[in-house]
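The numbers here are math on the coordinates, done by the rules we state, and not lab data. Predicted, not measured: the structure shown is a model, and the values here were computed from it. When we count neighbours, we look across all protein chains shown, and the Cβ atoms used for this are built from the backbone with ideal geometry, even at glycine.
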Amino acid sequence: MIQDIAPHHYDNVYHPVPPKAGDFIFFYREDQTLLSAATGLPFTWEEVTALAPADELEFTYYFRIDDKDFHQCHTIPPTIQAQAKEVSMGHFRSMDPQWMAFAGITAYQLYTWYRSHQYCGRCGHPAQHDRVERAMRCPVCGNLVYPTISPAVIVGVTHGDRLLLTRYSRPGTTRNYALIAGFAEIGEPLEDTVRREVMEEVGLPVKNIRFYKSQPWSFSSSLLSGFYCDLDTEDETVTLQEDELGEGTWFDRECLPQGGSDISLTREMIERFRQGLV
Ligand SMILES: [Zn+2]
């Protein structure tokens, strides 16, 4: 999965330090990330300092992988722009090496969060970076806001040797088969999210809800929790939530569709069922 970057180590402890040799620098323009045209990777500190006077640039510390720190630069010097290629968030789904893809999408989530929290949501005053934590603090009213992470569930509904797969119907969503998924609501334990989402999307009751594994999914600023559960009826009849889903189909274990991206928890959960491990 996308977060499985061993032997590399992701260190998300907030220790805001200035860039140093060997570090990587992200530049952003609206929803686009600027990568080095020469390498296809984020600009290195050496590339940046060769192209622009670093003492005129402002940086925000993001995170560390191994001994390399990753930062965002707040402005784009023309000399950087001239040596850059712009990519969208989706580029990081298949970027090589994978540990850099993970860095890219994680940095993008931080970028979009910082970008949307430049002002206090309570009083409207410009917010400041907290000195101790990865958070934005309002110097006027004291409002402290942490990065937004939305909890969501992915649900493998099983009935003996059969697994329920779905496909979205909305324009712009993937046409690949997937598992039932949805965001947790305020006040709701994840087990209830599982029951509610399955009932809403396919109209079926479930039991024996068991946690499998979690995955940070920065593409939607969410934290996914994967669960398997069993159908709590002998009637497999699916009643689709048609404004969301175009298809809900039971597949025998040996007939599950192949393919899809191996960066996702969804794919791993389907494969695990195919292999008879669930
Ligand atoms: Zn405020």
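Computed values, structure above
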{"read-out": "Equivalent ellipsoid semi-axes - Cα gyration tensor, the range 10-115, angstrom", "value": "18, 17, 13"}
{"read-out": "Relative contact order of the chain, defined on C-alpha pairs under 8 angstrom at six or more residues apart (%)", "value": "16 percent"}
{"read-out": "Modelled FRET efficiency - R0 35 Å, ASP161 with ASP4, Cβ distances, 0.05 increments", "value": "0.80"}
{"read-out": "Extension reserve of the LEU41-THR237 stretch, reckoned as 0.36 nm per residue once the Cα distance is removed", "value": "65.7 nm"}
{"read-out": "Value of Rg to Rh for the chain (Rh from inverse mean 1/r over Cα pairs, i.e. Kirkwood)", "value": "1.03"}
{"read-out": "Cβ-based exposure ranking for CYS123, CYS73, in which fewest neighbours within 10 Å come first", "value": "CYS123, CYS73"}
{"read-out": "Surface/4 of the Cα convex hull for the range 149-278, nm²", "value": "7.5 nm²"}
{"read-out": "Per-residue Cβ neighbour rank within 10 angstrom, fewest leading, GLU30, GLU191", "value": "GLU30, GLU191"}
{"read-out": "Two-site label geometry, LEU277 and ILE76: point separation in nm, points 7 Å out along Cα→Cβ", "value": "4.1 nm"}
{"read-out": "Potential lengthening between GLN258 and LYS213 on full extension [0.36 nm per residue; Cα-Cα distance subtracted]", "value": "14.1 nm"}
{"read-out": "Orientation-averaged projected area, Cα convex hull of the range 66-148 (nm²)", "value": "7.3 nm²"}
{"read-out": "Label point 7 Å beyond Cα of TYR146 along Cβ direction - residues of the range 211-245 with amide nitrogen under 14 Å", "value": "223"}
{"read-out": "Ranked list, fewest to most other Cβ atoms within 10 Å of each Cβ, for TYR62, TYR28", "value": "TYR28, TYR62"}
{"read-out": "Cβ-based net charge around LEU41, under 10 Å, with every Lys or Arg adding one and every Asp or Glu removing one", "value": "-2"}
{"read-out": "Net length gained if the chain between PHE183 and GLU200 were fully extended (0.36 nm per residue, minus Cα distance)", "value": "4.9 nm"}
